Every structure is written in C-alpha cells, then in structure tokens.
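Chemist: Handing you this structure, nothing more for now.
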Amino acid sequence: MPFYSSISKHLQQGIKPLFDTLFLNAGRLLLLAFLLLAVLAPLLAIFWRGMAPDASQGGGVSAAVALFSSENFHWLLGNSLKVSLTVTLLVVPLAYLFAYALQCTLIPSKAVWRGVSLLPLLAPSMLPGIALVYLFGNQGLLRFLLNDNIYGFWGIVLGEAIYTFPHALMILLSALSLADARLFDAASSMGASPWKKFLSVTWPSSRQGVFAACCLVFTLTITDFGVPVVVGGNYQVLALEAYKAVIGQQQFGRGALIGMVLLVPALFTFTVDAWLRRKQKEGLSSRAEIRPPQPNTQRDFCYLVFVALVSSVILGVFGMAVYSSFIQFWPYNMSFSLRHYNFEDLPGGWLAYKNSVVLAALTATIGSVVVFVGAYLIEKSNLLKGLNTLLRMLGYLPMAIPGLVLGLGYVFFFNLPNNPLNFLYGSMALLVVCSIAHFFTTAYMTASTALRQLDGEFEAASLSLKAPLYRHFWTITVPICMPTILDIFRYLFVSAMTTVSAVIFLYSTNTVLAAVAVLNMDDAGNVGGAAAMATLILVTSAAVSILLASFSRFFLKRSQAWRSSNQS
C-alpha cells in the first residue's frame with residue numbers, strides 16, 4: 001500500500017502542473033485564435049476590399065482618389081463633421097453639469113436621476129429618432145413649436161445628442177470622482193472661493209475626462225446611421241452613405257472605402273483614450289482622499305432644477321416612443337390598441353424579437369466566459385509575456401473599430417466563397433461571434449480591473465496548499481469577482497439587444513433581429529411597428545438590468561460580507 005500511495009502522490013504532483021500549463025497556454029492560444037478571426041481578419045478584409053485593384057472589388061487607388069476628390073464625398077464629409085461637432089459641443093457641457101450634480105452636490109434621489117439618464121443605453125439609436133418624429137414630425141404632437149419639420153440637420157443633432165448623452169456622462173462621472181479632498185482643503189485654507197476651487201482643483205482633475213468624452217461623442221455620432229435613417233431626410237452623412245452603398249446599391253468597394261474613412265476618428269479616439277488613461281494613472285496618488293459633497297442649498301436647488309429638466313427631456317422622448325406604440329392610427333385614431341405589437345407587416349412576426357433575446361443571451365453567456373477567463377489567463381500568468389502583450393493589443397483593438405466598419409469586415413471576410421468559414425455567414429453563430437468581438441474591449445477592461453485588485457496572496461495560499469490553478473480559479477476567483485462577472489453579463493446582454501450597426505449586414509431571413517426590424521419597419525413607413533419593437537427592446541433590456549442588479553446585491557450580501565467587515 002505505501003508503494004502505491006507513493007506512486008499516486010508523484011502522479012498527482014506531475015498532473016497538477018500539466019493541467020495548469022494546459023489551462024494557461026491552451027486557453028490563451030484559443031483566445032488568440034478567436035481575436036485573430038473575429039477582429040483582425042475582418043479589419044484587414046476592409047483594407048483588402050477597399051484597395052483591391054479589381055474594379056469589381058474596390059477599384060484600388062484610382063477609385064479611392066475618385067471618391068475622396070468628388071464633390072459628393074466632400075458634401076457628405078462636411079455634413080458629418082458639422083453634425084458631429086455640433087452634437088459634441090451640445091452634449092459634453094450638459095453631461096458635465098449633470099455628472100457634477102450627481103458627484104459633487106447633495107441633490108436628492110441621485111439614483112433615480114442616474115437611472116433616467118442611462119435610459120438611452122437600453123434602446124437602439126433609432127428610438128430617439130422615432131420619438132422625435134412623433135413629437136415634431138409633419139403630424140407630430142408638438143409640430144406647432146417649429147417653423148419647419150424635424151427632418152434634417154437639427155433632427156439628427158437632437159437624436160444623436162440623446163443617444164450619446166449617457167456615454168459622455170459615464171466618462172465624466174468617473175473623471176469627477178478623482179478629485180483629491182486634500183487639494184480642496186488646501187484651497188479652503190487659503191480662502192479660495194467656490195469658483196476658484198473649481199478652476200484650480202475640479203477642472204484640472206477632470207479635463208482629461210472631458211477631452212475623452214468629446215472624442216467618444218464625436219466618434220459615436222460620425223459612425224452612427226440609425227438616427228440619420230429615421231430623421232435625416234435629405235441631409236445625408238457618411239455613415240448613412242456606407243449603409244446605403246452596401247444594402248441598397250451593392251457597391252461593396254464604395255462601402256469599404258467609406259468604412260476606412262470612418263475608421264480614422266475611431267482610431268484617433270482610441271489613441272487619445274489610451275494616452276489619457278496613462279496620464280490619469282500617473283497623476284493619481286495612492287494617498288488621495290475622496291471628498292464628500294458639501295451642503296449648499298442654493299447650489300443644490302439650481303442643479304436639481306437642471307437635472308430634472310434634462311431627465312424630463314429624456315423621459316419625454318422615450319415616453320413618447322412608448323406611448324405612440326399603443327396608438328391605433330396616429331394621428332387620426334388615438335385610441336389605445338395592441339395592433340402594432342402583432343407585427344403583421346413584419347416577415348416572421350415576433351421572430352425578430354425572439355432572435356434578439358437568443359442572441360443577447362448567447363452573447364452574454366459565452367462572452368462573459370470568454371472575456372473573464374481570457375482576462376484571468378492574461379493577468380495571472382507570467383509565462384510567454386510576449387503572448388500576453390499581443391493578446392492585450394488585440395483585446396483593445398475592437399474599441400477602435402466602429403460597429404458599421406466591423407460589420408462590413410465580416411461581410412468581406414466570412415462571405416468569401418473560398419473561405420472555409422463561409423458556412424457561418426447569415427447564421428446565429430456568426431452574429432454571436434460578431435457581437436462578442438464588437439463589445440469585447442469594454443468587458444475585458446472591466447474584468448481586468450477587477451482581477452488586478454485581487455491580492456496576490458490568494459494565489460500564493462493556493463499554491464502553498466498545492467491546489468491546481470484551475471481549481472483556485474473556480475472556487476476562489478470566480479466567487480470573489482461574481483459581481484463583476486454579472487456586470488459584464490449585463491453589459492453584453494444589453495449591448496447585443498440594442499446593437500444594429502455591426503449586425504445590419506450579417507443576418508438572414510431566419511436570423512433577423514429586433515433592432516434591424518426597427519430599422520426596416522421605419523424605412524417601410526410602419527413607424528408604429530418600429531416604435532413597438534423598440535419598446536420591447538427597451539423593456540427587455542431594463543428588466544434584465546434590474547434583475548441582474550438585484551441578484552448582484554443579493555450575492556454581495558450573502559457571499560461577500562467579509563468585504564464590508566474588512567472595510568469597517
């Protein structure tokens with residue numbers, strides 16, 4: 001017996017390192033294969049298709065020169081820049097004041113205001129445009145307030161402003177939370193006025209976030225075609241032109257060239273964001289103290305009025321879209337009806353909604369596993385550091401690729417006849433892969449941040465007990481990081497439920513999605529049906545978000561009470 005127990009002991013000691021090595025290296029190689037196929041290959045296909053010398057492909061340099069030097073392209077580019085700059089100048093100051101109210105004042109019901117401000121994240125970008133049609137269109141409820149209808153430049157600006165507002169707000173909330181209380185105390189001891197404190201302390205600590213918010217809003221606006229499709233009218237922009245070139249005119253080369261142009265602001269934003277993150281990290285002190293808001297009745301009242309006004313606009317726009325979905329026949333029969341929810345004019349009826357729920361569930365489930373396991377393997381392994389560096393670079397790349405460009409890349413890569421993966425084109429599997437790749441960066445950054453906060457003593461204790469790394473991952477790391485995993489799941493679910501740009505070119509008749517159906521129904525003149533489908537997306541995203549948030553709080557209370565006890 002001692003002989004056999006000795007053999008068993010030696011075998012177990014040899015098997016554990018083998019399993020750990022397989023877990024670390026095989027896992028990272030699989031992640032590398034996924035990122036190469038799902039991100040890098042489609043991106044390279046864009047450049048190949050756009051610059052291919054064959055006239056049936058892209059037309060090469062001559063076609064690019066002809067396009068970029070044409071008056072029509074200059075007109076489209078000018079329109080896109082004008083809209084994007086206007087939206088940026090409108091949204092960022094409003095989002096900054098809103099974030100300041102939530103972070104630096106004592107206004108009541110902050111959770112409610114924050115929840116209202118994030119509503120646009122739960123619906124496709126077309127929903128604000130549809131609501132604006134019902135409010136200010138030719139037969140809109142508030143049509144009398146405008147000298148002209150909403151279609152055109154200002155319609156796009158207002159729709160994009162509502163769509164991009166929460167994206168800027170989240171960045172600015174994070175930026176305003178970085179102010180060091182010690183600096184405020186020093187300014188107070190020197191007799192500085194509130195305005196002087198803002199200029200000397202608050203603004204310097206948040207201006208990098210303001211710049212990042214400006215870049216993000218500009219990029220989101222110039223690459224979005226959902227709002228221009230609904231309320232653009234005759235005012236055309238580049239993103240809409242790329243969509244029409246591929247869907248309406250089958251000019252894939254033209255779409256690829258415009259996609260390459262749309263990639264420029266996204267790459268610039270990605271570079272600026274990376275630089276700002278590095279500067280921000282260098283500027284933070286480990287001794288920094290959080291400054292709680294100080295009471296100021298007059299200030300708080302003014303900010304409460306401002307926050308209430310902005311929230312009322314958001315609620316009014318989204319409430320109008322929901323309300324209109326229950327109207328029998330706008331504006332001639334204003335009785336309530338569920339007629340639009342039958343989706344009689346939509347091929348497959350409720351199939352699009354069911355497909356979106358399936359896509360969101362699969363993207364969230366598979367994506368959470370891929371992202372979190374991948375982040376763990378990268379952050380917790382010192383083997384093959386070059387591979388880790390390559391994986392990080394590829395992991396950050398999706399942030400620099402607009403959804404419209406990524407979707408075009410999938411068309412050019414996966415629809416090649418000689419591509420062995422061609423069979424995936426039009427399938428739910430490819431939609432899931434595209435969705436995970438599209439939203440990979442934000443989820444990866446969330447997981448990576450959480451994993452870096454874990455004390456290295458956890459791994460040291462596990463190794464001292466000779467526990468395999470995969471067992472430590474499953475029994476210790478996953479339970480501790482479960483709130484973060486749930487946040488990743490919620491982000492991926494909502495994003496997959498609402499996205500349209502990346503998947504607009506990839507669906508088939510059997511895999512049509514709810515957000516795509518909103519676009520198609522609005523384009524066909526069925527605005528009521530489009531509002532109904534957008535309302536379903538909004539309600540589903542909100543319900544899942546609330547459910548996951550409740551489960552996250554329950555999980556924290558039941559399994560991670562040690563956090564609060566240690567902090568106290």
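Values quoted throughout were computed directly from the atomic coordinates according to the rules given, and no laboratory measurement underlies them. Predicted model, so just to flag it, every value in this text is computed and none were measured. Glycine gets a Cβ as well: all are built from the backbone with ideal geometry, and neighbour counts include every protein chain shown.
Chemist: Rank the residues I480, I485 as a footprinting-exposure proxy: fewest other Cβ atoms within 10 Å of their Cβ go first. The partial results should precede the final answer.
Modeler: Values: I480 18, I485 21.
Ascending Cβ contact count within 10 Å gives the list I480, I485.
Chemist: Extending each Cα 7 Å along its Cβ direction at V369 and F329, get the distance between those two points in nm, one decimal.
Modeler: 5.1 nm
Chemist: For N72 and Q139, compute 0.36 nm times the residue count separating them, minus their Cα-Cα distance, and round to one decimal in nm.
Modeler: Numbers: separation 67, 0.36 × 67 = 24.12 nm, distance 3.15 nm.
Gain on stretching N72 to Q139: 21.0 nm.
Chemist: What residues have an amide H closer than 5 Å to that of I327, excluding those fewer than 5 places away on the same chain, when H is modeled at 1.01 Å from N in the peptide plane?
Modeler: S337
Chemist: Grab the beta carbon distance between T509 and T475, set R0 = 41 Å, and tell me the FRET efficiency rounded to 0.05.
Modeler: 0.35
Chemist: Compute the signed sum of charges (Lys and Arg +1, Asp and Glu -1) over the other residues within less than 10 Å, Cβ to Cβ, of T105. Could you put the intermediate results ahead of the total?
Modeler: Numbers: positive: K110, R299; negative: D300.
Cβ neighbours under 10 Å give a net charge of +1.
Chemist: Which length gain, in nm to one decimal place, applies between L89 and V539 when the Cα-Cα distance is subtracted from 0.36 nm times their residue separation?
Modeler: Values: separation 450, 0.36 × 450 = 162.00 nm, distance 3.06 nm.
Length gained between L89 and V539: 158.9 nm.
Chemist: Shape call for the range 291-381 from the C-alpha gyration tensor, a ≥ b ≥ c root eigenvalues: rounded (a/c under 1.5), prolate (a/b greater than b/c) or oblate?
Modeler: Oblate, because a/c is 1.5 or more while a/b does not exceed b/c.
Chemist: So how much slack lies between D523 and S177, counting 0.36 nm per residue of separation and subtracting their Cα-Cα distance, in nm? Working shown, then result.
Modeler: Numbers: separation 346, 0.36 × 346 = 124.56 nm, distance 4.27 nm.
Using 0.36 nm per residue and subtracting the Cα-Cα distance, I get 120.3 nm.
Chemist: Could you check the simple spin-label distance between I546 and S337, using points 7 Å along Cα→Cβ, in nm with one decimal?
Modeler: Calculated label separation equals 2.9 nm.
Chemist: Assuming R0 = 41 Å, what is the FRET efficiency of F153 and Q294, from their Cβ-Cβ distance, to the nearest 0.05?
Modeler: That gives a FRET efficiency of 0.45.
Chemist: Label-point separation (nm) for F423 and F306, each offset 7 Å from Cα along Cα-to-Cβ?
Modeler: 5.9 nm
Chemist: Under 11 Å from the Cβ of L548, count the other residues' Cβ atoms, weight Lys and Arg +1, Asp and Glu -1, and hand me the total. Write down the numbers at each step before the final one.
Modeler: Numbers: positive: R490, R553; negative: D487.
Here the charged neighbours net out to +1.
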